Structure formats: C-alpha cells, structure tokens
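For reference, the structure discussed in these notes is given below.
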Amino acid sequence: ISDDGKISEVFTTFDQLDLLAQLGTGPAIRTLIPRPEAKPIKVESDKTRGEEQVHKESFQRFIDEALNKGHLDVMDEILDPGYIGHDPFADLDRKSFKAVIGEFRRIVPDLTVTPDILIAEGDWAAARLIYRGTFKNKIALPVLSVVPSNKPIQFIINVIVRMDEDGQAAEDWKEFSRLAWLQQAGVVPPTS
C-alpha cells in the first residue's frame, strides 16, 4: 500500500496445476495428486492484539530453525497441538507437517528459505517465502519415483497463519504453484 493509501504492488501465487486440471488441459499427473476442497478462512477475533511482534518473531524462528536448519522439534513449540495446515497437496496436522518438512529437507538438503515479506496484525501473520536449494536426492512415493536432477530449484510460497491465544500457530493456508514445483522436480515436462 502506498503512502496515499492505494495498492502499489501485489504478489499473486496460485495453483496452476489445479486450474489446468479444471480446464481439462493439465498433465496426467494431476490424477495422482488430489486437490482438497477449498475451505473458507474463518476470521477470529483479535485475542492476541498487541502481540504482532511476538508472532513475527515466532514465524521467523520457524523459518530459521525448522526450515533452514532442520531442527524439527521446534515445530512442537511453535505449532499448536491441534494445528492444521491447508497445503496445496493436502491438509496436514503437526506430525505430518514435520514429516513433510523432514522429507523435503532430505530431497533438497541445502534448502534455504528467505522471507521476502513477513507481516503480522492481530491474530494473523503472513509471509511470502522464497524456497531455494538443489534437488539432490530421489523422491520415492508409493505412486511416484523421481530421480534427482542435481539442479537448483526455486519457488515461492504465500502463507497466512492464524495464531492462538498462546501465541502458537493454530492454522495456516499455503499457496504455491504445484505445477512449477513438479516441473522443477522433473515430474512434469516444462511448458514451452
């Protein structure tokens, strides 16, 4: 927002794979990766008004410790025990989110996540995160196996987090282009 109160810049991330699949033009891989039904975000009251700096510091700690260093136990402190994350691939509880982060760090061991934007207001924190690293280790899933490319990957995730009264992340919504990630992993051919 500019000084005169007008929108001056917008960052948009959307799930291109889901859109292509709905239009009937997406790659066949779409059938292997179901998309959960979109659910509206419930806006809670500002129980944690005045705690915005604490929320930003907690979010930054999550980035520094869990994502960048792989200290996954810090997630138990930062995420509420009843945490639910709405990701483009599936909804995740705290345990499964830890497993996803651990597996992603195994696949991309030099992972570095940088917050391009990190803001907080009331019960909410939001960030635009840039993920960078090298796809060095094989992806092995029951429905899919991908040989590493040993090439750099980069993608952006936009995250909105609702914090609870204890200052923990209770729920979040992540959006990123699954198509861009699958193309960089070599699962889907690049668009020409």
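Over the Cα atoms of segment 116-163, what is the Rg over Rh ratio if Rh follows Kirkwood?
Across segment 116-163, the Cα-based Rg/Rh ratio is 1.19.
Using θ = phi - 60° and the Karplus form 6.51 cos²θ - 1.76 cosθ + 1.60, what ³J(HN,Hα) does each residue of segment 85-90 get, whole Hz, x for Gly and Pro?
So the Karplus estimates, Gly and Pro as x, are x, 9, 9, x, 8, 5 Hz.
How large is ³J(HN,Hα), in whole Hz, for each residue of segment 91-98 in order, when computed from phi with the Karplus curve 6.51 cos²θ - 1.76 cosθ + 1.60 and θ = phi - 60°, using x for Gly and Pro?
6, 10, 8, 4, 5, 6, 5, 4
Treat segment 85-189 as a sphere of radius equal to its Kirkwood radius over Cα pairs and apply Stokes-Einstein at 37 °C in a medium of 0.692 mPa s; give the translational diffusion coefficient in µm²/s, rounded to a whole number.
Estimated via Stokes-Einstein, D reaches 221 µm²/s.
Please list the non-local residues whose amide H lies under 5 Å from the amide H of Tyr83, H modeled 1.01 Å from N, same-chain partners needing a gap of 5 or more.
Excluding prolines and chain starts, which carry no amide H, the hits are Arg94.
Send over the Kirkwood Rh of segment 46-140, from the inverse of the averaged 1/r over different Cα pairs, rounded to one decimal Å.
Radius from the Kirkwood sum: 14.2 Å.
None of the figures in this text is laboratory data; all of them are computed from the coordinates on show. Keep in mind that this is a model prediction, so the values were computed, not measured.
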